[in-house]
Amino acid sequence: MTYKEARVYLDEMSKYGSVLGLDTIRGLLRELGNPQDDLKFIHIAGTNGKGSVLAYTSTILSKAGYKTGRYVSPTVISYLEKIQVDGEWISETEFADITEQVKEAIDRLKSKEQPVPTVFETETAMAFLYFKKKNCDLVVLETGLGGETDATNIVKNTVCVAFATISVDHLGMIGDSLEEIAQTKSGIIKPGCKVVSARQKESISKILQEKAGSLGCAYVEAEPELMEIEADDYKGITFSYKEYLHMQSQIAGECQRENLAAALEVINSLKDLGYEITEETVRDGIRETRWAGRFTCLSEEPVVIVDGAHNEDAAKKLRTSLERYFKEKEIIFIMGVFKDKEYEKIVQILSPLASRVYTVDLPNKERTLPGEKLAECIRNTAQKSITDEKKIPDIAGGCQEETCRKNKGKFLAVTAEKNIEEAVTKAYNYAKEDAENRVVVACGSLSYLSEVIQCVKDMKM
């Protein structure tokens, strides 16, 4: 099997959607010899920040000399990004070989008339096989959807569970309220493991603490309010947190205060378990951590930021960051969202900052909210705060009065673009005309940011 054939095989499986529960992946892993039972895990759940906590934690562990697996979902740059060891993506050859091995196991299940796994279950099994093959000391494992019934929760040897910020997402799928969602996510806690959480709402903290206590687990909650920010701009932050003094992170954004605090508490929990991690290792690990698509600066002239803010909480944090770093700047947004996300709330939060918005369809045509519908939502939101109207040229070069709304002192121009490349080209070129005062921000979903990143790279050449 080639890499191309492996991708076709997995793409075909993806058509059948996702199913919560552990019975099917349990059967698949049994066919594969239960590779997960030979690994130790740091298991991360939450709504926003899982990826950043994973990135900080795994980079520090790699710097400390531990062979560290990463299982990432969703990816930004490449499909191969899903499965990494010490920050190196799985190769196309190894990916194809492991896909073939798992396919053979699935064929055996079919012959026994056993349930066929979903694509996420298949990818999870592939990751476990690869991490075992590479003799990983630790695997930092990110949940896909939820917690208790998420395919990743098949693991037993969890040394530490970490919770990033829990907020409302996937409502109705894993819970009908924030508390129900938290209860579901708490299901990844295993007896006797360390439990670390980012700062949560009181009701959420109570749920996590009670679950940890019932299983004999020590519970620690990060204290981001104790973090002293010494320097802060859109390219990164310098900070001190408890015993960790004058640390530098090259990941910016409001949410990083919480993510860094949570990651450092994970590291302290691992040190309590006997893992040897020096302060210098922590310093180097934080400084070298990169995480594409999380308030990532792609360009300086003009400044172009990409951020996968795809729900209300993430949008609020993105807005706070933009107001902090670009207070007097003109913000040009590129937006693409899934139709099952809280796009009205995202628009309400972010559009007041905008002078122009270019909306796009996402690559996943089945889940995307059409760009025109998103543009209409933005126009309707702006309409509610009209204080004046003026006929000015729209982005496309015509003259559409309805797209030009004076929104808190700014005229807001909105167009739905034919494709992502056109949106990036128009936003970039407009910003470049006054690079000192204009900033481009692409947000809404991680799923299209790889194309944005490539387009910006091409424009800079």
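The values are calculated or read from the model by the stated rules, or taken from the named source; none is laboratory data. In this text, all values refer to a predicted model and were calculated from it rather than measured experimentally. Neighbour counts are summed over all protein chains in view; Cβ atoms, including those assigned to glycine, are modelled from backbone coordinates with ideal geometry.
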### Task
Residues being in a loop (DSSP other than H, G, I, E, B) and of a type in the set (S, T, N, Q): count how many of those fall in region 57-95.
4
### Task
For region 159-172, state whether one or more residues are at pLDDT 95 or above, on the phi < 0 side of the Ramachandran plot, surrounded by 16 or more Cβ atoms within 10 Å (Cβ to Cβ) and in a loop (DSSP other than H, G, I, E, B).
no
### Task
Kindly check whether there is at least one residue in region 333-346 that is part of a helix (DSSP H, G or I) and touching a Ser or Thr at 6+ places or on another chain (Cβ under 7 Å).
no
### Message
Can you confirm whether S78 is small (G, A, S) and surrounded by fewer than 16 Cβ atoms within 10 Å (Cβ to Cβ)?
### Response
yes
### Query
Is it true that some residue in region 433-445 is among the polar types (S, T, N, Q), part of a helix (DSSP H, G or I) and either in the same structural domain as T368 (by TED's automatic domain parsing) or buried (at least 19 other Cβ atoms within 10 Å of the Cβ) (or both)?
no
### Query
Within region 197-206, is there a residue that is surrounded by 21 or more Cβ atoms within 10 Å (Cβ to Cβ), free of Cβ contacts under 8 Å to residues at least 40 places away in the same chain and either of a type in the set (S, T, N, Q) or not in a loop (DSSP other than H, G, I, E, B) (or both)?
yes
### Task
For region 269-285, name all the residues that are of a type outside the set (A, V, I, L, M, F, W, C) and touching a residue at least 24 places away in the same chain (Cβ under 8 Å).
S269, D272, Y275, E276, T278, E279, T281, R283, D284, G285
### Message
Is it the case, given these coordinates, that K235 is charged (D, E, K, R) and at pLDDT 95 or above?
### Response
no
### Message
Is it the case, given these coordinates, that I154 is surrounded by fewer than 23 Cβ atoms within 10 Å (Cβ to Cβ) and out of contact with any Ser or Thr (no Cβ under 7 Å at 6 or more places or on another chain)?
### Response
yes
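Only one residue in L362, L318, L353 is over 23 Å from V53 (Cβ atoms) and either under 20 Å from the mean Cα position of the chain (by Cα) or modelled with pLDDT of 95 or more (or both), so which one is that? Give the steps one after another, and end with the answer.
Values: L318 fails: over 23 Å from V53 (Cβ atoms); L353 fails: either under 20 Å from the mean Cα position of the chain (by Cα) or modelled with pLDDT of 95 or more (or both).
Only one candidate passes the filter, namely L362.
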### Query
Within the bounds of region 68-82, is there any residue that is assigned by TED's automatic domain parsing to the domain that holds A127, over 25 Å from A309 (Cβ atoms) and in contact with a Pro (Cβ under 6 Å, 6 or more places away or on another chain)?
no
### Boolean, E402 is modelled with pLDDT under 90 and in a helix (DSSP H, G or I)
yes
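Would you confirm, using the coordinates I've provided, whether Y16 is farther than 21 Å from F295 by Cβ, in contact with a helix residue (DSSP H, G or I) (Cβ under 9 Å, 6 or more places away or on another chain), of a type in the set (S, T, Y) and in a loop (DSSP other than H, G, I, E, B)? Write out each step before concluding.
Working: farther than 21 Å from F295 by Cβ: yes; in contact with a helix residue (DSSP H, G or I) (Cβ under 9 Å, 6 or more places away or on another chain): yes; of a type in the set (S, T, Y): yes; in a loop (DSSP other than H, G, I, E, B): yes.
Yes, satisfied.
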### Message
With the requirement that a residue be closer than 20 Å to K50 by Cα and either surrounded by 14 or more Cβ atoms within 10 Å (Cβ to Cβ) or among the hydroxyl-bearing types (S, T, Y) (or both), what does region 224-245 give you?
### Response
P224, M227, G236, I237, Y241
### Task
Could you tell me which of the residues G87, G33, G49 is touching a Cys at 6+ places or on another chain (Cβ under 9 Å) and assigned by TED's automatic domain parsing to the domain that holds S14?
G49
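Kindly indicate which of K185, K211 is of a type in the set (D, E, K, R), crowded, with 24+ Cβ neighbours inside 10 Å and in a helix (DSSP H, G or I).
Going through K185, K211 in turn, the sole match is K185.
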### Task
Kindly indicate the residue of region 38-80 that is under 14 Å from the mean Cα position of the chain (by Cα) and of a type in the set (K, R) and also farthest from Q250 (Cα to Cα) among those meeting that condition.
R70
### Query
Identify, please: which residue in region 321-332 is among the acidic types (D, E) and not in a strand (DSSP E or B) and is, among those, farthest from G49 (Cα to Cα)?
E328
#### Entry: Answer residue from region 418-432, given it is under 15 Å from D361 (Cβ atoms) and part of a helix (DSSP H, G or I) and is farthest from the chain's Cα centre (by Cα) among those
E422
### Query
Right, G51: surrounded by 24 or more Cβ atoms within 10 Å (Cβ to Cβ) and not polar (S, T, N, Q) or not?
yes
### Task
Would you mind stating whether E113 is over 28 Å from I346 (Cβ atoms), acidic (D, E) and assigned to a loop (DSSP other than H, G, I, E, B)?
yes
### Task
Give me a count of the residues in region 118-153 that are in a loop (DSSP other than H, G, I, E, B) and modelled with pLDDT under 95.
9
